[in-house]
Amino acid sequence: MKPLDYLKESPSQTAGPYVHIGCTPNFCGIEGVFAEDLGSTMLNGQTKGERITVRGRVFDGTGTALKDAMVEIWQADAEGLYPSPQEKRGQADENFTGFGRCPVEQETGEFVFETIKPGTVPFNDGRPQASHITFWIVARGINIGLHTRLYFPDEDNSADPVLGRIELKKRVETLIAEKTGDAEYTFNVRLQGHNETVFFDI
Amino acid sequence: MSDGSFFQRDRDWQPAALTPQYKTSLKRSPTHALLSMDSSISERTGPTFNQNMLGELDNDLVLNYAKDGELPVGERIIVQGRVLDENARPVPGVLLEFWQANAGGRYRHKKDGYLAPLDPNFGGCGRTISAADGSYAFRSIKPGPYPWPNGVNDWRPSHIHFSLFGSGFAQRLITQMYFEGDPLIWKCPIVSMIPNKGGIEQLIARIDMNATMPMDAIAYRFDIVLRGRRSTMFENRLEGN
Ligand SMILES: [Fe+3]
């Protein structure tokens, strides 16, 4: 093997209070530059699967909802396939982007995604992972983006290999959304406190 | 293209979550250890973006908000460089999004109340996608420094914010670019959370006279490194490395 000269990953810096200008300019009133904000629509009329709404807030250590966070999600389609060239197991639903981006609402701090329930995807050893949505959260005061996952309360999560890695079993609950409507789930993220969300170094 | 798992993020090279000199981090930093785990397919894959989503002026902040044939005020600059991974390989197809203050240090955002005026011809956002050799470029106005409420007299050096998508969601990165020679870099609490001087220097763009357009715009060179993937034995044979 030829030796490689490795480089170091560029250091992360906070997204700051004005992340909207670059990532969701229409949301902050800068219109006419990009036709629409990236990640604002994940579905169209032909998307296969069970339509769901995912909403929630990101809370700081004082229990206050962040008003300046940006939340991104990435998930498999209804069959458990990712719409990505790295997906070698089959062709994902062409009517599903798998990617959502939402700036939290400036008064309430709420994020909302209209999506579908993802299918299960395998873990590295072939065991199935329970249906989940990958989250990435940035905001002023967050120095490096936080990775976490949403799991569903109405699925069997007991054999999930990732949840199985969490030593304090009580903390598993922080990754399980609450069913708050017919097809609606609420996922609140807590950056600190007794029920601090599990974040991943992944 | 490799689809292997990612090298573990070097947390000693990255800023910590809790950095008391940046006061907002105090209540927004997780206190538990992160759960370390080899990436699964959920993080090795990621959204992809293609050229046809881009408008003609998306990478031209000089013109993309200018009105009635006028131009924004300030030093005209070109920023260009390459997106590489930790294996020193170019990363094509990366969506880069940028945002910045105007020449006076003011953002077009309702939360920015700095006294410096808005520039009616400057929006402050742009984006592009890296080419097959990892290269990217955009044109803009050099942003001004600005004060911010942290200490009583903290100033941000001139900087451009960058957001990048690699080929896997685990590579997702938001960072900032600084300008060679700016004395405020070394006084900034946000810069100083980067633990190594070499890491800070990675974020400082260098003047590139060869790319500078005479009588028009000064060029800066800014390379960005995303996390690298492990290659499998199979790929090693294929690529002969
Ligand atoms: Fe800034």
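The values are calculated or read from the model by the stated rules, or taken from the named source; none is laboratory data. This one's a predicted model, so the numbers in the text were calculated from it and none came from an experiment. For neighbour counting, all protein chains shown are included, and Cβ atoms are generated from backbone atoms with ideal geometry for every residue, glycine included. Note: accessible area is taken over every heavy atom of the protein model, side chains too, but ligands, DNA and RNA are not part of it. Shrake-Rupley method; radii C 1.70, N 1.55, O 1.52, S 1.80 Å.
For this structure, a couple of remarks:
- Summarising the label geometry, the points placed 7 Å from Cα in the beta-carbon direction at B:Q51 and B:L115 lie 4.8 nm from one another.
- The string of couplings for the range A:17-32 from the Karplus curve (6.51, -1.76, 1.60, θ = phi - 60°) is x, 10, 3, 4, 4, x, 9, 9, x, 5, 4, 9, x, 8, 9, x Hz, one whole number per residue in order, with x for Gly and Pro.
- Residue-by-residue Karplus 3J(HN,Hα) for the range B:45-55, coefficients 6.51, -1.76, 1.60, Hz, glycine and proline x: 8, x, x, 10, 10, 10, 3, 6, 7, 8, x
- Shape category assigned to the range A:18-190 from the gyration tensor of Cα positions, a/c cut at 1.5: oblate
- Gaussian network model of chain B, Cα within-10 Å springs - most flexible of B:D208, B:D68, B:D38: B:D68
- For chain B: rounded, prolate or oblate by the Cα gyration tensor [a/c cutoff 1.5]: oblate
- Förster radius 41 Å - calculated FRET efficiency between B:V73 and B:Q8, Cβ distance, rounded to 0.05: 0.35
- Within a Gaussian network of chain B (alpha carbon springs, distance under 10 Å), most fluctuating of B:Q171, B:Q14, B:Q202: B:Q14
- The range B:94-206 - charge dipole about Cα centre, Lys and Arg +1 at Cβ, Asp and Glu -1, debye rounded to 20: 220
- Considering only B:A116, B:A205, B:A170, the mean-square fluctuation computed in a Gaussian network model of chain B, springs between alpha carbons under 10 angstrom, is largest for B:A116.
- A simple charge model with +1 on the Cβ of Lys and Arg, -1 on the Cβ of Asp and Glu and nothing else charged puts the dipole of the protein assembly as shown at about 1060 debye relative to its Cα centre.
- Accessible area in square angstrom per residue, chain B, 1.4 angstrom probe: 43
- Carbon and sulfur %, accessible surface of the range A:98-189 computed with the full protein complex present, 1.4 Å: 49
- For A:I176, residues with placed amide H under 5 Å, excluding near neighbours: A:Y151
- Label zone (A:A183, point 7 Å along Cα-to-C-beta; backbone nitrogen cut-off 20 Å) within the range A:27-65: A:40-56.
- Per residue, the range A:18-190 exposes 39 Å² of solvent-accessible protein surface, assessed with a 1.4 angstrom probe and all protein chains in place.
- Between the amide H of A:G56 and those of A:F111, A:F187, distances stay under 5 Å, these residues lying 5 or more places away or on another chain, with hydrogens modeled in the peptide plane.
- Three-way shape call for the range B:151-207 based on the alpha-carbon gyration tensor, with the a/c threshold at 1.5: prolate
- Order of exposure, largest accessible area first, which applies to B:W186, A:W136 with probe 1.4 Å: B:W186, A:W136
- Karplus 3J(HN,Hα) series, Hz, for the range A:140-145 with 6.51 cos²θ - 1.76 cosθ + 1.60 (x for Gly, Pro): 3, x, 9, 7, 9, x
- Measuring r between the beta carbons of B:A137 and A:T108 and using R0 = 30 Å, the FRET efficiency lands at 0.15.
- Protein accessible surface hidden between A and B, which excludes ligands and nucleic acids, total in Å², probe 1.4 Å: 7700
- Pairwise FRET efficiency - B:R221 versus A:D201, Cβ, R0 = 22 Å, nearest 0.05: 0.10
- Dividing the mean sequence gap of close Cα pairs (under 8 Å, 6+ apart) by how many residues the range A:18-190 holds gives a relative contact order of 24 percent.
- Residue among B:F6, B:W148, A:V189 farthest towards the positive dipole end of the protein assembly as shown, charges placed on Cβ: B:W148
- Under 5 Å, built H, 5+ apart or other chain: amide partners of B:Y146: B:R156
- The label-point distance for A:T41 and B:A88, in a model that sets each label 7 Å from Cα toward Cβ, rounds to 4.5 nm.
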